[in-house]
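Take a look at the structure set out below.
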Amino acid sequence: MEKNHHDLSIGPVLLAIAAVFFFTALDGIAKDLGSRHSTIDVVSIRYLSGLIWSAVVAGFYRPPWPSTEMVKAHSIRAFFYAGTSFLFFYAISVLPMVETMVFTYIAPIFMAILGRILLKEKVPASTALAILLSFVGILVIAFGKGFSLDHLQGSALGIIAALGSAGTYALANVLLRARAGDDTIAGVVVLQNILASTLVLPFAFLIGDPIGALRSEWMLGLAMGALGTIGQFMMATALHRAPAARIGTVEYTNIIWATLMGIFIFQEWPHWTVYAGAALIIAGSFLLLKAKKS
């Protein structure tokens, strides 16, 4: 497939915004399911239904059989993608929806830290400031929940899981970016669901009841699979057409959808500190992007 990552038109951006909406809707369903099922079963519902929709995609698009190189590359990505699902679904089950979303905004900062640790890249003053702003943003949100240990104890693990999901999500998207010009989009979507399911389902059958959970929630399960599959198509297309930095900033639009879903579906009214912290984290991310361009 011909590589074209330099489309600066509004098309890829709108496509990415739509993908973020679908992913946020999926997360809303996961939050609802998390009130009745274990996290591993919710993740399993997502991937079992994903397999169903992947079969539909494969039958319609008939993507070429994946090469050994493609399978190896996406196997690594599937590991991080499955980890993102588990960590995020746990976080969203114990934290308000908007808070969980905001904590994932630190993903670009994780990339800078990983670059310093793994690649020995120099960290300029602007990058250090970006990390500091994001860290302060996280503290603002956490402290906004109250200084009481009893208050924070139940959500501390959720905060850690949300931050962890930001790291695995960042790695998964970088790997997708590296392969987006070489693999067909339909092939990526199908293979991603198959590989992630292969990783998740053995553990689910061992410690959970994924079939029973899907049977009791089949309508929501099918909806999760459809939202995830459509969102993957949209995001993969956007990443294939436009620069990653341009598409990455679109992720912040999920605070709009998460706020609306949180208020109208889950009756969650975010504290003002959530948005104050979000502003600091987003400012740090944009500062990081500016530093990379200079």
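The values are calculated or read from the model by the stated rules, or taken from the named source; none is laboratory data. Predicted model only: the values in this text are computed from it and were never measured. Here the Cβ is made from the backbone with ideal geometry for all residues, glycine too, and neighbour counts use every protein chain on show. When the accessible area is computed, the model is the full protein with side chains, heavy atoms only, and any ligands, DNA or RNA have been set aside. Shrake-Rupley method; radii C 1.70, N 1.55, O 1.52, S 1.80 Å.
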Among (1) surrounded by fewer than 22 Cβ atoms within 10 Å (Cβ to Cβ); (2) under 25 Å from residue 260 (Cβ atoms); (3) modelled with pLDDT of 90 or more; (4) among the hydrophobic types (A, V, I, L, M, F, W, C), residue 79 falls short only on (2)
Could you list, in sequence order, all residues of segment 263-278 that are open to solvent by 60 Å² or more (accessible area, probe 1.4 Å), in a helix (DSSP H, G or I) and in contact with a helix residue (DSSP H, G or I) (Cβ under 9 Å, 6 or more places away or on another chain)?
272, 275
Flag for residue 86 being open to solvent by 50 Å² or more (accessible area, probe 1.4 Å), over 26 Å from residue 166 (Cβ atoms) and in a helix (DSSP H, G or I):
no
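Residues are listed down the side, and each one gets a yes or a no for (1) in contact with a Lys or Arg (Cβ under 7 Å, 6 or more places away or on another chain); (2) acidic (Asp, Glu); (3) modelled with pLDDT under 65; (4) farther than 17 Å from residue 254 by Cβ:
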| residue | (1), (2), (3), (4) |
| --- | --- |
| 83 | no, no, no, yes |
| 89 | no, no, no, no |
| 105 | no, no, no, no |
| 113 | no, no, no, yes |
| 116 | no, no, yes, yes |
| 137 | no, no, no, no |
| 141 | no, no, no, no |
| 151 | yes, no, yes, yes |
| 155 | yes, no, no, yes |
How many of the residues making up segment 198-221 are among the aliphatic types (A, V, I, L, M) and open to solvent by 60 Å² or more (accessible area, probe 1.4 Å)?
5
Of everything in segment 59-76, what is open to solvent by less than 100 Å² (accessible area, probe 1.4 Å), part of a helix (DSSP H, G or I) and touching a residue at least 24 places away in the same chain (Cβ under 8 Å)? Give them in sequence order.
70, 71, 73, 74, 75, 76
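Out of 40, 92, 45, report the one residue that is surrounded by fewer than 23 Cβ atoms within 10 Å (Cβ to Cβ) and among the aliphatic types (A, V, I, L, M).
Residue meeting the stated conditions: 40.
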